[in-house]
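Structure first, commentary second.
What follows draws every value from the coordinates through simple rules; no lab data is involved. The structure displayed is predicted, hence computed values, not measured ones. We place every Cβ from the backbone using ideal geometry, glycine too, and count neighbours over all the protein chains shown.
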Amino acid sequence: MDASSPPVPFPNVERVNPAGTAPVVLVCDHAGLQLPEPYGRLGLHETELARHIGWDIGAAAVTRRMAELLDAPAVLSLYSRLLVDCNRAIDDPTFICEVSDGTVVPSNRGLDAAERQKRIDTFFTPYHAAIAEAVAAAQKVAPSPTLLSIHSFTPVMKGRARPWHVGILWDQDPRLAQPLIEILAEDGELVVGDNEPYSGRDGSGYTMKRHAEAAGFPHALVELRQDLVADADGVERWARRLSGAMTRILAEHGPFKVEKFI
């Protein structure tokens, strides 16, 4: 499909700047809180849904702003991660959580095979199809586009404060992750996690493994602490910081080649 052509509609997916010219594809697996009418609130109170268990607070806003700053395409999953987690393989036990951070999700308990498949077809498959299309379009700009996945994490987990301001998750391919960590760490006031507070080696980075690692494209997953991107000022600050780092990496290390590390 020509980059200037109208995007193919994918239900339940937001596509930002699909004709962007940067050799970068941004993705946001847990961007939204939406729940279709038949699902109500999955048996939860609104305050529970609004917590980090329902979405990645601030991640969507940072992704959209970075798409603008970089002139890059972005793909965002609009529905709550409690329906399906688009950053998990479908056979992962946390793909549809019955309990998330101590909160029981009533409507996710005892799902039959038909409901499970319906959620895969409605929420998971269209999102990954949209990413695949965005990556294919980006390959017309650069044979080996860079993929960056934007997430956020709660400042406190299980009663323990998390000191990191940002974490970079990666597995085998260091081409994007290591320079990103180094550039961010140049600000001595930032605590930058290398595979913290989560690890890209524990199987949780499904989207990057599927769309980047398997193809040999440079990639990384960014985790931003949610209190730092909970308002417009924080979103702007981090979008600019990450976009500046990406621009510098592309200038100093690109263009990248297809290279597999697995």
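The table for this structure:
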quantity	calculated
Gaussian network model of the chain, Cα within-10 Å springs - most flexible of Ser243, Ser149, Ser77	Ser243
Normalised contact order of the chain, rounded percent, pairs of Cα under 8 Å and 6 or more residues apart	24
Estimated dipole of the chain in Debye, rounded to 20 [Cβ of Lys and Arg +1, of Asp and Glu -1, Cα centre]	220
Cβ-based charge dipole, the chain, positive-most Cα from Ala134, Ile249, Thr63	Ala134
Dipole axis of the chain (+1 Lys, Arg; -1 Asp, Glu on Cβ), positive-most option in Gln34, Leu76, Ala113	Ala113
Computed FRET value (nearest 0.05) for Glu46 with Val258, which takes r as the C-beta separation and R₀ as 41 Å	0.35
Beta bridge orientation in the chain: antiparallel %, DSSP, nearest 5	40
Kyte-Doolittle mean at least -0.5, axial Cα span of 30 Å or more - DSSP H helices of the chain	232-253
Trypsin sites (Lys or Arg not before Pro) restricted to the stretch 214-262 and DSSP loop, no more than 16 other C-beta within 10 Å	Lys257, Lys260
MRE, 222 nm, helices only [DSSP H, n ≥ 4, -39500 (n - 2.57), over the chain, to nearest 500]	-8000 deg cm²/dmol
Amide N proximity, the stretch 178-216 versus Asp227 label position 7 Å along Cα-to-Cβ, cut-off under 20 Å	188-194, 196-198
For the stretch 210-262: relative contact order, % (alpha-carbon pairs under 8 angstrom, 6 or more apart)	61
Highest-fluctuation residue, Gly54, Gly32, Gly40 considered, GNM on the chain with Cα pairs under 10 Å	Gly40
Of Lys118/Lys209; Lys118/Lys257; Lys118/Lys158; Lys118/Lys140, those spanning more than 30 Å from alpha-carbon to alpha-carbon	Lys118/Lys257; Lys118/Lys158; Lys118/Lys140
For Thr21, Thr125, order by how many other beta-carbon atoms lie within 10 Å, fewest first	Thr21, Thr125
GluC sites (Glu not before Pro) restricted to DSSP loop in the stretch 177-221 with at most 15 other C-beta within 10 Å	Glu186, Glu189
Cβ-defined net charge surrounding Leu69, 14 Å radius [Lys, Arg +1; Asp, Glu -1]	+3
Extended-chain gain in nm, criterion 0.36 nm per residue less alpha-carbon gap, Val156 and Val191	11.1 nm
Among Gly244, Gly110, Gly234: highest mean-square fluctuation, GNM of the chain, C-alpha pairs under 10 Å	Gly110
Cleavage-rule hits (GluC sites (Glu not before Pro)) in the stretch 65-122: DSSP loop, at most 13 neighbouring Cβ within 10 angstrom	none
